[in-house]
Amino acid sequence: MVLVNDIEFQFSVRNPQDQGGHICYDVRGKDSQGEWEGKRRYNEFHILHEALSKRWPGVPIPAIPPKKAIGNKDLTFIQDRTFYLQRFMRKIARFDFIIES
């Protein structure tokens, strides 16, 4: 049974779009300061993952999909990447100290 009020379900990554040759995702979430949203590129998720891993070396930071230089605009690849980026966001949302940092 999944509770709708679970914090992880207040985070989403969706609607991938090509903007200037780069795929951008609509990212939404909610923290103690309220709701937020914005467009993010894959590289920003990569940078976030690296920063979280360095800041909290003992915390099991969820993986993100690997970088891919060729074929990164294939529809199936983009759909899979969107799914895994959303999973990443929802998993880190379980750590209050990360969301509030």
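The values are calculated or read from the model by the stated rules, or taken from the named source; none is laboratory data. Small disclaimer: the values here were computed from a predicted structure and weren't measured. Here the Cβ is made from the backbone with ideal geometry for all residues, glycine too, and neighbour counts use every protein chain on show. Ligands, DNA and RNA are stripped out before the accessible areas are found, and what is left, the full protein with its side chains, is counted by its heavy atoms. Shrake-Rupley method; radii C 1.70, N 1.55, O 1.52, S 1.80 Å.
Observations, loosely collected:
- For the chain, the Kirkwood hydrodynamic radius from C-alpha pairs, put into Stokes-Einstein at 10 °C and a viscosity of 1.306 mPa s, yields a diffusion coefficient of 111 µm² per second.
- For peptides 78-87, 64-73, 26-35, sequence by mean Cβ density within 10 Å, most packed first: 78-87, 26-35, 64-73
- Partners of LYS91 within straight-line reach, counting aspartates and glutamates whose Cα lies under 12 Å from its Cα and excluding those fewer than 8 residues away in the same chain: ASP6, GLU8.
- Cα shape, region 22-68, gyration tensor, a/c 1.5 rule: oblate
- Accessible-area composition of the chain, carbon plus sulfur, in percent [1.4 Å probe]: 52 percent
- Rolling a 1.4 angstrom probe over the protein heavy atoms with all chains in place gives the chain an accessible area of 68 Å² per residue.
- Size of charge dipole - the chain - debye, nearest 20, with Cβ of Lys, Arg +1 and Asp, Glu -1, no other charges: 320 debye
- Value of [θ]222 nm, deg cm²/dmol, for the chain, DSSP H segments ≥ 4, -39500 (n - 2.57) each, nearest 500: -11000 deg cm²/dmol
- ³J(HN,Hα) computed for each position of region 15-32 - Karplus, 6.51 cos²θ - 1.76 cosθ + 1.60, integer Hz, glycine/proline x: 6, x, 9, 7, 10, x, x, 10, 7, 10, 10, 7, 10, 9, x, 8, 9, 5
- Between GLU100 and PHE77, the contour length at 0.36 nm per residue exceeds the Cα-Cα span by 5.2 nm.
- Farthest towards the positive end of the charge dipole of the chain, among the residues GLY29, PHE95, LEU75, is the Cα of LEU75, using unit charges on the Cβ of Lys, Arg, Asp and Glu.
- Cross-link partners for LYS67 among the aspartates and glutamates, with Cα-Cα distance under 17 Å and sequence neighbours closer than 8 places in the same chain left out: ASP18, GLU44, GLU50, ASP80.
- The value of relative contact order for the chain, using C-alpha pairs under 8 Å at least six residues apart, is 31 percent.
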